[in-house]
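Everything on this sheet refers to the single structure shown next.
The values are calculated or read from the model by the stated rules, or taken from the named source; none is laboratory data. Since the structure is predicted, the reported quantities are computational estimates derived from the model, not experimental observations. Ideal geometry is used to build each Cβ from the backbone, glycine not excepted, and the neighbour counts take in all protein chains shown.
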Amino acid sequence: MSLACLGLLAQRLDVLAQNAPGAGASIAVDEARGLLASGHDTPFVPGDIQTGSSLADYVDPEFPSEHSRLVFQDAQEGGKLYVGAIDPVTGMLVSSDGKDLLIDTGSVEVSAGGETPLPQAASSLSRLAFRRSYVPDSRDSAGRFLGGTETMSLVAHRGKLFAALGFWMDVPYLADKPTGPWTGAQVVVKDSAESPWRVDVSFGTNYLRTEALAQLTLTTDGSGNRLVPPVPLLVAGPSDQDQSGTKWATA
């Protein structure tokens, strides 16, 4: 501890001793003063141990729970997304730079304060492989525009996978872009694991984000009669804005 820190500590302990007198506070003040009188000044020595490569830029590193892995983007390589193995005993990267598995190339724009997607996995799987599934600013098999800047939620329903999409920060709002039209909030669906994504619904130009997407189970009909079997129903709730782009509401 430096002399400056000891001096500040002694001052604060003096105040403590005056406001709450006691043997403990008095002893602490005496010890701090003794260190000051002896000129004891131990320089701070950082104890950090560097791991990884100085040539890589580890943007927003994440450590998935229950896995000895590191997930990060390398800004030096345009935002490539990597997974690296970590030695559970030493906490060090197993390889020299942690670039053991390349997951994606530039899937997320690297910026100050940005977030890196965190791949999650069941602990029973020893090795995972990832591939890009959804590509925005493209068209489905029927020619409908697939857009979105964010995936709000993923919901399985009747053997299909549905995704709620939002267009947050796709400015200017309510306007078509060179890459495609302004469709408003969307729900897209994947009919099977190998099927391409297709548009299920585009809510309209005044809707910005599909804030909620959930499967409800109806057990009775409108008259209160029991439904056998129960009927699953997929429900979505988009948020909207007026044409001026200044007023917001959530449906």
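The figures follow:
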item: Every residue from the range 192-251 that is modelled with pLDDT of 90 or more, part of a strand (DSSP E or B) and of a type in the set (Ser, Thr, Tyr); result: 202, 207, 210, 217, 219, 220
item: Unmet requirement for residue 108, which otherwise passes all of (1) of a type in the set (A, V, I, L, M); (2) exposed (fewer than 14 other Cβ atoms within 10 Å of the Cβ); (3) at pLDDT below 55; result: (2)
item: Considering residues of the range 163-177 that are in a loop (DSSP other than H, G, I, E, B) and in contact with an Asp or Glu (Cβ under 9 Å, 6 or more places away or on another chain) only, the residue nearest to residue 199 (Cα to Cα); result: 167
item: Given (1) in a strand (DSSP E or B); (2) touching a helix residue (DSSP H, G or I) at 6+ places or on another chain (Cβ under 7 Å); (3) modelled with pLDDT of 80 or more, number of the condition residue 59 does not satisfy; result: (3)
